[in-house]
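Let me begin by presenting the structure, written as structure tokens, before commenting on it.
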Amino acid sequence: MSDIKNKENHQFGTDVGKLLNLMIHSLYSNKEIFLRELVSNASDAADKLRYLALQNGDLYEGDAELKVRVSADKDANTVTISDNGIGMTRDEVINSLGTIAKSGTAEFFQNLTGDQAKDSQLIGQFGVGFYSAFIVADEVTVRTRKAGEQSAIEWQSKGEGEYSLVEIEKAERGTEIVLHLREDENEFLDEFRLRSIITKYSDHISIPVEMFKAPVPESEGPDGEKVEAQPGEWEAINKATALWTRDKSEVSEDEYKEFYKHVGHDWEEPLTWAHNKVEGKTEYTSLLYIPKKAPFDLWNRDRQTGLKLYVQRVFIMDDAEQFMPSYLRFVKGLLDSNDLPLNVSREILQDNKITQAIRKGCTSRVLKMLDRMGKNKAEEYQTFWNEFGQVIKEGPAEDAANKEAIAKLLRFSSTHTDESTQNVSLAQYIERMQEGQDKIYYVVADSFATAKSSPHLEIFRKKGIEVLLMSDRVDEWMMGHLTEFEGKQFQSITRGDLDLGNLEDEESKKAQEESEKEVAGLVERITASLGDKVKEVRFTHRLTDSPACVVVDDHDMSSQMQKLMESIGQSAPESKPIFELNPEHQLVKHLNDEQDEDKFAQWSEVLLDQALLAERGSLKDPVGFVTRLNKLMLDLSK
């Protein structure tokens with residue numbers, strides 16, 4: 001069957017040997033899932049052939065009945081999974097079977113915890129379904145020929161860091177995978193066991209999954225009548241009907257969960273899902289899932305995202321990204337449209353009005369599904385938010401039409417609990433707003449600790465006004481597009497002049513005026529001393545414990561936005577801070593009494609540097625700051 005002279009030995013991609021060793025030593029608690037993964041891959045191969053054959057019917061090679069076959073050979077101690085799908089070329093075999101998760105392998109190992117249950121959940125996130133074969137096999141042989149090609153290839157490995165390739169002859173197109181079972185995995189040679197696994201995991205697959213039914217010899221019936229012999233034949237074990245075409249009442253919860261693992265290539269069950277059939281101007285069926293865990297490459301710009309697309313139950317493409325906005329790229333599932341043409345291409349999808357209507361409908365459905373979860377299943381929603389919250393925060397900038405719906409999904413930390421967990425909704429914030437409060441106050445900082453201890457919070461803590469604490473990289477960018485919620489304006493407490501409006505009483509205003517009179521003329525002196533280091537110097541009453549702070553002008557770029565732009569390689573315009581002084585603080589009063597202009601200048605710069613350090617977490621000239629501070633402390637100690 002093969003020519004040993006042409007045999008080539010190859011090393012697996014980086015760290016694959018480690019991963020195979022991990023799997024071989026019972027990483028998975030449920031070994032039978034190897035069959036689910038291999039049957040699922042075979043089904044995908046059939047789907048891809050069906051699509052390509054729309055334009056080139058010769059690819060069927062006279063055999064258009066697509067199927068997957070599973071068989072066991074007790075004498076040889078093997079299980080074989082074969083399909084007559086698209087098959088693979090030599091280069092495709094190397095790319096698909098010679099590497100695992102490609103660029104993601106290193107990240108996989110960084111996430112390993114040593115806990116088998118937790119580590120097994122990672123496998124699904126790294127797209128290594130084929131390698132589940134090594135859970136039960138000590139050697140795997142793959143023979144494959146791509147439809148329309150003449151040459152075939154045999155891939156073989158014992159999962160010990162290398163594999164071999166050899167050219168072979170293969171009459172049928174498609175792929176055949178032979179598992180040479182380990183000695184202690186003989187249970188998978190039992191036909192009843194294999195049938196039960198297929199029924200459990202692969203009932204939803206839309207092509208037949210067949211096993212051979214042994215012939216039945218001629219026999220005598222109970223009344224002496226002759227019962228004719230039945231020849232052996234391949235029979236379908238699964239229902240072989242597309243799950244999404246069935247009525248929702250006919251599909252069990254377990255079937256939905258197993259189908260998710262098929263389309264989502266995930267080992268975990270989904271968090272929730274929505275199955276809908278839309279009729280009217282545009283007709284389509286959608287089955288959309290929300291995963292429990294984020295994939296390792298969620299932030300990879302080159303990552304293929306999107307839904308599986310079917311047209312009249314014919315598979316068209318994986319990762320049809322046109323039907324879901326980028327901020328919902330974690331959604332898994334499929335669409336089946338009756339309106340799109342069978343020869344649909346990516347170019348058509350980008351401009352087709354039908355796809356725009358479907359995208360709008362699917363986006364709305366996902367947002368409503370998440371909103372219901374947030375209202376009715378807070379614990380599940382918190383699980384979702386912890387995984388995908390930062391992605392949702394991209395929404396207000398990307399999808400202005402759904403800005404209000406997206407805002408309902410947002411969760412934040414706040415001074416109400418002072419905890420880092422983001423579990424406060426905007427609706428909850430508004431419910432707790434004080435009488436007379438007409439703004440939603442927030443602060444953005446580089447870290448939660450910095451936000452929580454920001455000097456700008458002092459007056460708000462004193463008055464018991466809740467402030468949202470934001471520290472994700474995307475927050476400053478998001479708030480540039482999120483201006484209001486339910487009629488309440490957002491107000492950054494680090495931007496512009498502070499106006500508490502009706503929350504400020506007359507007695508406090510009078511006390512503030514008196515404190516400013518005590519240090520009259522100080523603003524002018526500091527302005528002259530600092531020169532062009534600041535945009536403006538002024539008194540503030542947002543501080544109670546700190547002597548000074550810096551704020552950003554209403555139209556200037558914040559330091560967080562500057563850092564974000566620099567991190568993506570873009571230059572940010574430099575904006576000078578507004579320096580605010582607390583006239584009631586003893587250090588400010590001391591500064592006002594300082595007559596030595598040299599010391600006055602040093603104190604002014606130290607207070608400015610302290611304020612910048614509290615706001616930005618770093619200084620352009622930290623050595624200069626330390627030198628000035630040491631000199632002032634030495635002068636005070638004399």
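The values are calculated or read from the model by the stated rules, or taken from the named source; none is laboratory data. Please read all numbers here as calculations on a predicted model, not as lab measurements. Neighbour counts are summed over all protein chains in view; Cβ atoms, including those assigned to glycine, are modelled from backbone coordinates with ideal geometry. Surface accessibility is based on the protein's heavy atoms, side chains included, excluding ligands, DNA and RNA. Shrake-Rupley method; radii C 1.70, N 1.55, O 1.52, S 1.80 Å.
The convex hull drawn around the Cα atoms of the range 182-283, when projected onto a plane and averaged over every direction, covers 11.8 nm². Of all aspartates and glutamates in the structure, those lying under 12 Å Cα to Cα from Lys74, and not within fewer than 8 positions of it along the same chain, are Glu183, Glu185, Glu187, Asp190, Glu191. Remark: accessible surface ordering of Ser249, Ser219 (largest first) is Ser249, Ser219, probe radius 1.4 Å. Note on the range 208-359: the C-alpha convex hull projects to 13.7 nm² when averaged across all orientations.
For the range 169-198 versus the range 583-638, the spacing of their alpha-carbon centroids is 76 Å. Charging the Cβ of each Asp and Glu at -1 and of each Lys and Arg at +1, and nothing else, the dipole of the chain about its Cα centre rounds to 620 debye. Once both labels are positioned 7 Å from their Cα atoms along Cα-to-Cβ, the gap between Gln434 and Ala520 label points is 3.0 nm. Simple spin-label estimate for Ile168 and Glu255 gives 3.7 nm between the two label positions (7 Å along the Cα-to-Cβ direction from each Cα). Using the Cα coordinates of the range 403-542, the gyration tensor eigenvalues translate into equivalent-ellipsoid semi-axes of 30, 19, 14 Å, sorted from longest to shortest. Put a plus charge on the Cβ of each Lys and Arg, a minus charge on the Cβ of each Asp and Glu, and nothing anywhere else: the dipole of the range 278-428 about its Cα centre is then about 260 debye. Would you mind calculating the gained length between Thr80 and Asp138 on full extension (0.36 nm times residue separation, minus the Cα-Cα distance), in nm to one decimal? Extra length from Thr80 to Asp138 when fully extended: 19.5 nm. When the charge dipole of the chain is built from unit charges on Cβ atoms (+1 for Lys and Arg, -1 for Asp and Glu) and taken about the Cα centre, the candidate among Thr540, Ile237, Leu49 whose Cα reaches farthest toward its positive end is Thr540. Of the solvent-accessible surface of the chain, computed with a 1.4 Å probe over protein heavy atoms with every protein chain present, carbon and sulfur atoms account for 45 percent. When the charge dipole of the range 511-627 is built from unit charges on Cβ atoms (+1 for Lys and Arg, -1 for Asp and Glu) and taken about the Cα centre, the candidate among Thr527, Asn582, His555 whose Cα reaches farthest toward its positive end is His555. Each Cα pair under 8 Å and six or more residues apart adds its separation to the average, and for the chain the resulting relative contact order is 9 percent.
For Ser96 and Asn186, the FRET efficiency from 1/(1 + (r/R0)^6), where r spans their Cβ atoms and R0 equals 30 Å, is about 0.55. Taking a ≥ b ≥ c as the square roots of the eigenvalues of the Cα gyration tensor of the range 441-482, is the shape rounded (a/c under 1.5), prolate (a/b larger than b/c) or oblate? Here the range 441-482 falls in the oblate category. Each label point was placed 7 Å from the Cα along the Cα-to-Cβ direction; for Glu8 and Glu507 their separation is 8.6 nm. A Förster distance of 22 Å, applied to the separation of the beta-carbon atoms of Lys377 and Asp247, puts the FRET efficiency at 0.30. Here the gap between Arg313 and Glu65, fully extended at 0.36 nm per residue and compared with their Cα-Cα distance, gives a gain of 87.8 nm. For the chain, the convex hull drawn through the C-alpha positions has a volume of 219 cubic angstrom per residue.
Per residue, the accessible area of the chain comes to 48 Å² when a 1.4 Å probe rolls over the protein heavy atoms. Kindly flag which residue pairs out of Lys332/Lys452; Lys257/Lys368; Lys213/Lys257; Lys517/Lys631; Lys146/Lys257 have an alpha-carbon separation exceeding 25 Å in this structure. In this structure, Lys332/Lys452; Lys213/Lys257; Lys517/Lys631; Lys146/Lys257 lie more than 25 Å apart at Cα.
In a DSSP loop and with at most 11 other Cβ atoms within 10 Å, the chymotrypsin sites (Phe, Trp or Tyr not before Pro) in the range 251-311 are Trp299. What shape does the range 237-295 have by the C-alpha gyration tensor, where a ≥ b ≥ c are the square roots of the eigenvalues, rounded means a/c under 1.5, and otherwise prolate means a/b greater than b/c and oblate the rest? Because a/c hits 1.5 or more and a/b fails to exceed b/c, the range 237-295 counts as oblate. Just to confirm the filter: which GluC sites (Glu not before Pro) across the range 368-443 are DSSP coil and have at most 14 other Cβ within 10 angstrom of their Cβ? Sites meeting the loop and neighbour criteria: Glu419, Glu435. Output the relative contact order of the range 165-311, whole-number percent, from Cα pairs under 8 angstrom with separation of 6+ residues. The normalised contact order for the range 165-311 reaches 15 percent.
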